[in-house]
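Beneath this line is the structure, given in structure tokens, with notes to follow.
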Amino acid sequence: MTSRKLRTATALGAAALAVGTLAPAAAASPARIVWEASCTAGYECGHLDVPLSYQDPSAGSVRLAVGRLPATDQAHKLGTIFYNPGGPGSSGRFAPALTPALHARYDIVGFDPRGVGASSKIHCFTDPAQLEVLQRALGTFPLTRAAEQQQIADTRTVTDLCEQNAGPLANHLSTGTIARDLDRLRAAFGEPKLRYYGKSYGTYLGETYANLFPGRVGSLALDAVDDPVRWSTGTAPMSYRLEGFSDAPRALQSFLDACASRCTFDYSAILDRLTAGPITVTDTTGRQVAVTYQSAVARIHDYLTDAQSAPELAAFLQALSDPASRAPATAGTPPDTDSLLGGGATLCSDAANPRDPAAWWNYAERADRVARGFGRYDVYKTLPCATWDVTDPGRYAGPWNRPTPPILLLANRQGDLETPYAGAQRTERLLANARLLSLDTYGHGARGKSACVDARLDSYFIGGAVPAPGTVCAPDHSPFK
């Protein structure tokens with residue numbers, strides 16, 4: 001689950017509470033998209049039924065919600081690009097246009113992965129009161145041993161409820177199974193090879209597809225790259241192995257350097273004050289907001305995922321330092337609880353994690369020595385995997401170097417707190433045929449931030465061209481411009 005989705009879990013409202021049911025068993029006829037009468041403006045909506053288990057076809061089926069953004073130049077259309085925005089647990093049904101040129105020449109197809117959004121989902125809760133414990137369990141981290149024990153207890157309550165109520169789908173949510181769904185979608189749209197753009201977790205989905213189905217790979221662009229070996233193997237918590245926190249100091253320093261001529265706050269002093277207790281700030285709507293150490297770290301983390309959020313981050317830190325300053329107001333849509341936990345099941349079934357939740361404390365302390373605050377925040381994302389016993393026979397854990405056509409990797413070399421730049425460099429060496437294109441900024445994801453990057457995406461999908469080794473693009477805007 002992305003940190004933004006975890007953090008917004010503290011704003012949960014009412015959620016669907018009924019225990020989920022599976023779709024009727026899939027018919028023997030070839031898979032096809034069933035198109036629906038109504039949809040979001042500009043898109044075409046449909047669904048596809050796929051097997052619950054690719055190992056046991058008799059187990060029934062689940063439903064995938066699909067959205068298609070038609071090419072604007074249908075007369076010269078080149079085919080279909082499939083899309084995943086990340087997560088896991090994020091809805092991808094309504095894909096963006098990617099670039100003007102790609103929107104003109106390709107239909108762009110998004111889908112909600114199984115467990116997410118309008119696709120078949122798990123339901124962990126049977127009573128609205130149970131949602132309160134989820135607010136305490138996710139999106140935060142402990143600073144004391146007493147808080148650690150409470151978070152472990154709350155997390156165990158959530159995972160126990162999921163084991164009781166989620167049903168068989170919870171054990172068929174690994175990325176290997178989702179990659180097989182993606183292959184069914186490819187076939188349903190009549191595409192002999194997969195063209196695909198995936199961001200963040202979507203890069204791991206693309207890496208998995210490429211190695212399960214290397215002969216069906218067309219063009220895969222993977223933006224904000226996850227290291228598939230560290231994702232799928234190891235004994236430490238997955239969130240520690242991926243080391244997103246390792247890029248936090250570099251991204252933060254890039255922001256502070258850009259802010260030097262306009263910012264008067266002392267960042268370390270702000271964290272010291274927050275360690276002693278919450279700071280009350282006034283936001284731009286006049287509302288009084290109590291900011292804790294944990295909520296401040298989460299908010300700083302989110303601002304650092306996009307260099308163009310630098311003005312908001314500077315205003316937030318100034319408000320924490322100076323009571324006369326106003327903090328940016330925040331407004332969020334309550335997350336889809338079931339999608340959030342469906343994404344959690346994907347994380348926990350993809351790789352081994354320690355079975356003792358007390359192990360997270362020491363890993364978090366080590367990570368925090370690398371990146372104060374961010375280390376604890378990052379590591380505790382996967383605490384539910386200590387007590388949630390989900391396994392998927394469709395899980396894929398390598399090898400990762402099966403021969404494919406060229407795969408384009410995109411990454412931000414000044415630091416990415418979700419998918420560190422070093423992971424993209426390792427992945428370029430790991431995959432059989434990959435080429436890394438770097439953007440010279442910090443943040444999460446490179447598409448849409450640089451005309452240079454977007455032009456390379458166009459060249460890759462339309463003509464198959466990859467950039468020369470070591471190519472670096474400049475962003476269109478600096479953090480404060």
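Any read-out appearing in this document is the output of simple, stated calculations on the displayed coordinates, not a laboratory observation. Please read all numbers here as calculations on a predicted model, not as lab measurements. No Cβ is skipped: glycine too gets one built from the backbone with ideal geometry, and neighbour counts run over all protein chains shown.
Please work out whether the range 213-297 counts as rounded, prolate or oblate from its C-alpha gyration tensor, where a ≥ b ≥ c are the square roots of the eigenvalues and a/c under 1.5 means rounded, while otherwise a/b larger than b/c means prolate and anything else oblate? Cα axes put the range 213-297 in the prolate bin.
Relative contact order for the chain: what percent, with Cα pairs under 8 Å and sequence separation of 6 or more? Relative CO of the chain lands at 20 percent. Evaluated at q = 0.14, 0.17, 0.20, 0.30 Å⁻¹, a Debye calculation over the C-alpha positions of the range 90-139 (equal weights, vacuum) places log10 I(q)/I(0) at -0.57, -0.69, -0.79, -1.03. Kindly state, to the nearest 0.05, the FRET efficiency for ALA422 paired with ALA324, given R0 = 45 Å and r defined as their beta-carbon distance. Rounded to the nearest 0.05, the efficiency is 0.65. For the range 300-333, the residues whose backbone nitrogen is under 17 Å from a point 7 Å from the Cα of ARG273, taken along Cα to Cβ, are 300, 313-328. Here the alpha carbons of the chain define both size measures, Rg and Dmax, at 21.9, 68 Å.
Ranked for footprinting exposure by Cβ neighbours inside 10 Å, fewest first, ILE178, ILE33, ILE270 give ILE33, ILE270, ILE178.
Taking only C-alpha pairs under 8 Å that are 6+ residues apart, what is the relative contact order of the range 321-477 in percent?
Relative contact order of the range 321-477: 17 percent.
Packing, as the average of other Cβ atoms within 10 Å across residues, places the peptides 285-293, 416-424, 204-212 in the order 204-212, 416-424, 285-293, highest first.
In the distance distribution for the range 280-421, Cα-Cα pairs more than 28 Å apart total 38 percent.
For the pair ALA59 and ARG402, label points projected 7 Å from Cα toward Cβ lie 2.0 nm apart.
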